[in-house]
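*Asks:* Submitted below is the structure of interest, expressed as structure tokens.
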Amino acid sequence: MEETHLKRRINETKFQIQWGDTDRAGIVYYPNYYKWFDLAGHNFFRSINMSPKYLEEEKKIIIPLLEAKCTFENPLYYDDEVTVYTHVEEMKTKTIRFHHDVFCEERRTGYGYEIRAWTSIEGDKFKAVPIPEDIKRLLKVR
């Protein structure tokens, strides 16, 4: 079956806004979105039984962040229930682009992406390497 006919893998990361996530006006401080993107990206790997810790310790692979962008649409406030929906938007030979949509109930509050490199660890050297085909399939579809 072609990948185009398979269901895209989407992971959900849920949490509640804490007081420390807000600024003086009681609105979520914008850098938190990048923290949540990082959490959601790591949770995406956990959802396929490949936590970043497992990748590093067992596979000698790390997934460093190369680029991130966020667009803010609506404010979030203390105690809001938030869901970050994450999917792989694009995969190249050595990089993965995750797309994140941040929602509070039915209202999207922001969206953005992260680009991460598939990087091997050899001693104290780091090198971007091709993502194995079996991993690509796991990341893209379920």
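*Asks:* Using helices alone, what [θ] at 222 nm do you get for the chain, with -39,500 (n - 2.57) per DSSP H run of 4 or more residues, divided over all residues and rounded to the nearest 500?
*Replies:* -7000 deg cm²/dmol
*Asks:* Enumerate the calculated ³J(HN,Hα) couplings along the range 8-20 in order (Karplus 6.51 cos²θ - 1.76 cosθ + 1.60, θ = phi - 60°), each rounded to whole Hz, writing x wherever the residue is Gly or Pro.
*Replies:* 5, 6, 10, 10, 10, 10, 10, 6, 10, 5, 9, 4, x
*Asks:* Given Cβ point charges of +1 (Lys, Arg) and -1 (Asp, Glu) and nothing else, what value in debye, to the nearest 20, does the dipole of the range 1-92 about its Cα centre take?
*Replies:* Value, rounded to 20: 260 debye.
*Asks:* With volume of the Cα convex hull per residue in Å³ as the read-out, I listed (i) 112; (ii) 100; (iii) 122; which label goes with the value calculated from this structure?
*Replies:* So the structure-derived entry is (iii).
*Asks:* Okay, next question. Using Cα-Cα distances under 8 Å and only pairs 6 or more residues apart, what relative contact order does the chain have, in percent?
*Replies:* Once divided by the residue count of the chain, the mean separation gives 29 percent.
*Asks:* If you don't mind, there's one more thing I want to ask. Arrange Arg107, Arg9 by Cβ neighbour counts within 10 Å, fewest through most, would you?
*Replies:* Least to most surrounded, the residues fall as Arg107, Arg9.
No lab work stands behind these numbers, since they all come straight from the coordinates. Nothing here was measured: the structure is a model prediction, and the numbers come from that model. Using ideal geometry, Cβ is built from the backbone for each residue, glycine included, and neighbour counts are taken over all protein chains shown.
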